[in-house]
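Below is one structure, written out as structure tokens, with a few remarks after it.
The values are calculated or read from the model by the stated rules, or taken from the named source; none is laboratory data. This is a predicted model, so every value here is computed, not measured. No Cβ is skipped: glycine too gets one built from the backbone with ideal geometry, and neighbour counts run over all protein chains shown. Just so you know, the surface numbers come from the protein's heavy atoms only, side chains and all, with ligands and any DNA or RNA stripped out. Shrake-Rupley method; radii C 1.70, N 1.55, O 1.52, S 1.80 Å.
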Amino acid sequence: VPEHVWRINLDVPEEAQQNLSFGAADRWWEQTDLTKLILASNKLQSLSEDVQLLPALTMLDVHDNQLTSLPSALGQLENLQKLDVSHNQLRSLPEELLQLPRLRSLLLQHNELSQLPEGLGQLITLEELDVSNNQLTAIPTSFALLVNLVRLNLACNQLKELPADLSAMKSLRQLDCTKNYLETVPSKLATMASLEQLYLRKNKLRSLPEFPSCKLLKELHAGENQIEILDAENLKQLSSLCVLELRDNKIKAVPEEITVLQKLERLDLANNDISRLPYKLGNLPQLKFLALEGNPLRTIRRDLLQKGTQELLKYLRSKIQDDGPGPNEEPPVTAMTLPSQSKVNIHAITTLKLLEYSDKQAAEIPAALFDAVGSNPVATVNFSKNQLREIPPRLVELKDSVCDVSLGFNKISSISSELCLLHKLTHLDLRNNVLTALPEEMEALKRLHTINLAFNRFKVFPSVLYHLPALETILLSNNQVGSIDPVQLKGMDKLATLDLQNNDLLQVPPELGNCENLRSLLLEGNPFRTPRAAILAKGTAALLEYLRSRIPT
């Protein structure tokens, strides 16, 4: 940092040395002391102790540099309200930092901190503290003293537990603990009366925490954990909840009591083990978004799931009058749900045209299964949730009849030529495998209209998809796709749904707006700056219109 920056309050400016007449705006002797200093995104490796020469600073921003430590003189900036030292290489913090009497915002994310000073709780004026993306294994108990804290971000650390004392933070509205190693949440946290948003995604929780006093909690994000049971009692306490996100867990059932969440607007239960839903779910008055894909639902057809939330809720409401099995009764055992001992279900093959061998964790499909098919035409194949490393070669024997193939939740790394011979194929589900590419021979699948490639390892959009004229739905979320070709997509006349959520798109080409057939374009969770989240939230039609407006003329 140039020396004169630190001395800006002290040194008489050069003009004063010369005999000039000053206009009112140039009266250097009336200059006030510097209050904001922004040195972000440089290559600073250290900060001078001379920072103490700027005692009037209210904001100091040095994020995105190469700092490994901070000067102890920071402790003398008693007017400092905001300090941003994020995206550096800090391994520790000076004790003097804890003396700042007016500090409201302290941003420490993306550093190399393995611990925080025990006295951090002395910063009682703090309202915002971000220590995400460090290497913290514990939180100082003095955190309990931060009674004015409104936002606390602990995401992406190595925390195995949270101190129960956090419950003393009576002002806390937002707590983010995403991507740690939490197995439980202390029951005392439930007394945090101001809490509105709680993020617990990507931890190791086995059950949903209880929240008896969190009457204001509006958002609970607990996806990508190991939650198996939704406790009806826990749900009853969450009367203000608007967003409940539980995707990628192991939930087997949704209790009827979920209908107490009268304010619920978004419910995400994708990729769980739910086999049936309470029909009363259809009565939730505010529900606008319901995600259920990736569940072994028996009572709801797949095409219904693809029609969107409103159609689904309408269907559930229509079923409330029917006397289905009660909430605690198992559905009757049918050909679909025979006990797993019976290797080959002849009835399913002959009557339902279904060849099923799923959820067996098998490394290959037994030959007896294909032998049993004989001359029977099989329309649907379900080999999902196994340990398959390749497409079963004998699938090709079904090429004259099969139109729906599920191979999701396996370990398949490449697509063999056998699959490309299934010329009647309309639905292909390959989600949750380890695919990085699709072969050009797939161009032969002229009837394919739905393909699910979510949760694989694609870094580029598979180019063969551009040449499949019947495709209506492409689900490619949770990959690492970096770009798409809007011109080729426009040529896909039938394409109505394109899901590219949680990929690595750094920009959205404006020409994508010309793909006017798209009814559902999902782009959330990508690193691009524009369009902003507010535009995405308005829905597909508004998004396409916005993109068209950005096309250079």
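Can you tell which of L83, A138, Q99 lies farthest toward the positive end of the dipole of the stretch 49-147, using +1 and -1 charges on the Cβ of basic and acidic side chains (Lys, Arg; Asp, Glu)?
A138
Identify, among V5, H449, C242, the residue whose Cα sits farthest towards the positive end of the charge dipole of the chain, taking +1 on the Cβ of Lys and Arg and -1 on the Cβ of Asp and Glu, with the dipole about the Cα centre.
So the residue we want is H449.
At 10 °C and a viscosity of 1.306 mPa s, what translational diffusion coefficient does Stokes-Einstein give for the chain, taking Rh as the Kirkwood radius over Cα pairs? Give it in µm²/s as a whole number. Kindly include the intermediate steps, with their values, before the conclusion.
Values: Rh = 27.3 Å.
Diffusion coefficient, whole number: 58 µm²/s.
Pull out the extension gain between A541 and N9, defined as 0.36 nm times the separation in residues minus the alpha carbon to alpha carbon distance; nm, one decimal.
Residue separation times 0.36 nm, minus the Cα-Cα distance, leaves 186.1 nm.
Mind checking which lysines have their C-alpha under 22 Å from K399, skipping anything on the same chain fewer than 8 residues away?
Here the lysines satisfying the reach criterion relative to K399 are K353, K424, K446.
Report the calculated FRET efficiency for T309 and K43 (r = Cβ-Cβ distance, R0 = 35 Å), to the nearest 0.05.
My answer for the efficiency is 0.10.
Note down the magnitude of the dipole of the stretch 27-155 about its Cα centre, charges +1 on Lys and Arg C-beta and -1 on Asp and Glu C-beta and zero elsewhere, to the nearest 20 debye.
Computed charge dipole of the stretch 27-155: roughly 200 debye.
Which FRET efficiency value, to the nearest 0.05, do you get for Q115 and A534 by plugging their Cβ-Cβ distance into 1/(1 + (r/R0)^6) with R0 = 60 Å?
Efficiency for this residue pair is about 0.95.
Leaving out ligands, DNA and RNA, and with a 1.4 Å probe, what % of the accessible surface on the chain is carbon or sulfur?
Of all accessible area on the chain, carbon and sulfur atoms account for 48 percent.
Along the charge dipole of the chain, Cβ charges K/R +1 and D/E -1, which of G539, S375, V62 sits furthest on the positive end?
Positive-most Cα among the choices belongs to S375.
Shape verdict for the stretch 164-275, please, from the Cα gyration tensor: rounded (a/c under 1.5), prolate (a/b greater than b/c) or oblate.
oblate
Can you work out the FRET efficiency for the pair K188 and S549, with r the C-beta to C-beta distance and R0 = 35 Å, to the nearest 0.05?
Rounded to the nearest 0.05, the efficiency is 0.10.
Which order do S520, S414, S477 take when ranked by solvent-accessible area (1.4 Å probe, heavy atoms of all protein chains), largest first? Don't skip to the end; give the middle numbers.
Working: S520 30, S414 70, S477 10 Å².
Sorted descending by solvent-accessible area, the residues read S414, S520, S477.
Just the number please: accessible area per residue for the chain, 1.4 Å probe, all protein chains included, in Å².
49
At 0.36 nm per residue, minus the direct Cα-Cα distance, what do D504 and V396 gain on full extension? Give it in nm, one decimal, please.
Numbers: separation 108, 0.36 × 108 = 38.88 nm, distance 3.49 nm.
So the extension gain works out to 35.4 nm.
In debye to the nearest 20, how big a dipole does the stretch 347-549 give about its Cα centre with +1 on each Lys and Arg Cβ and -1 on each Asp and Glu Cβ?
On the way: 20 positive and 22 negative charges, 83 e Å.
So the magnitude is around 400 debye.
Relative contact order for the stretch 32-181 using alpha-carbon pairs under 8 Å, separation at least 6, rounded to a whole percent?
Result for the stretch 32-181 is 15 percent.
Taking only pairs that are 8 or more places apart or on different chains, how many Lys pairs in the stretch 32-181 have Cα atoms under 26 angstrom apart?
For the stretch 32-181, the number of qualifying lysine pairs is 6.
Do any of K250/K360; K218/K385; K280/K307 go past 26 Å between their Cα atoms, and which?
Long pairs (Cα-Cα over 26 Å): K218/K385.
Counting Lys and Arg as +1 and Asp and Glu as -1, each charge on the Cβ, what is the dipole of the chain about the Cα centre in debye, to the nearest 20?
With only Lys, Arg, Asp and Glu charged at Cβ, the dipole is about 1680 debye.
Show log10 I(q)/I(0) for the stretch 347-549 at q = 0.09, 0.14, 0.18 Å⁻¹, two decimals, from a solvent-free Debye sum over equal Cα scatterers.
Relative scattering, expressed as log10 I(q)/I(0), comes to -0.37, -0.81, -1.19.
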